[in-house]
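The block underneath contains the structure these notes are about, expressed in structure tokens.
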Amino acid sequence: MVKALFLDRDGVVNFERSEYTFRLEDFTINNGIIELLLNFQKDGFLIIIISNQGGISKGIYKKEDVEKLHNKFIKECKSNNINITDFFYCPHFPEIENCLCRKPKSLMLEKAIAKYNINITESLMIGDSERDMECAENVGIKGILIKSNKINLKILNPKFLNSKS
Ligand SMILES: [Mg+2]
Ligand SMILES: [Zn+2]
């Protein structure tokens, strides 16, 4: 079994603009995230992004746009010797299509856990909204709530998990 660091995308990995991010030029990687990923990778964590992308359901952008951003991020990570294990995203928006994957529902996490045989007790999820925390809680994973776009020093080092907080 392996442990995993799950991350929300908008507001954690990249800058939350308070509107849909689907153009390459609007996708800015947040300060601190590369360092954070390096630290967790070094500590043996898989890195998995879990993201709601309801703009697809609304017709604002397409799956290909999402993939383009993800490829950009994967490339950026690769150049820093970081391997992103996987991306899961929910393309649905509740008033348009119902689904079981949109956070706070936890199907994306459940899929990831099954696919990679992840040990939930050693894993955690970093998010910038309560629905990320609820999603993590639904599968028994510890959630770490941050302010949007603020990768604080406290969470940079995976060892903080061992200290009580
Ligand atoms: Mg977010
Ligand atoms: Zn969905």
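Nothing in this text is a laboratory measurement; each read-out follows from the coordinates by a stated rule. Since we're looking at a predicted model, the values are computed, not measured. Please note: Cβ atoms are built from the backbone with ideal geometry, for glycine as well, and neighbour counts cover all protein chains shown.
A few notes on this one:
- Stretchable slack from C99 to T28, in nm (0.36 nm times residue separation minus alpha-carbon distance): 22.7 nm
- The chain, helix-only ellipticity at 222 nm - DSSP H runs n ≥ 4, -39,500 (n - 2.57), divided by all residues, nearest 500: -8500 deg cm²/dmol
- Relative to its residue count, the chain spans a Cα convex hull of 106 Å³ per residue.
- Seen from H92, the other residues with C-beta closer than 13 Å to its C-beta sum to a net charge of +3, counting Lys and Arg as +1 and Asp and Glu as -1.
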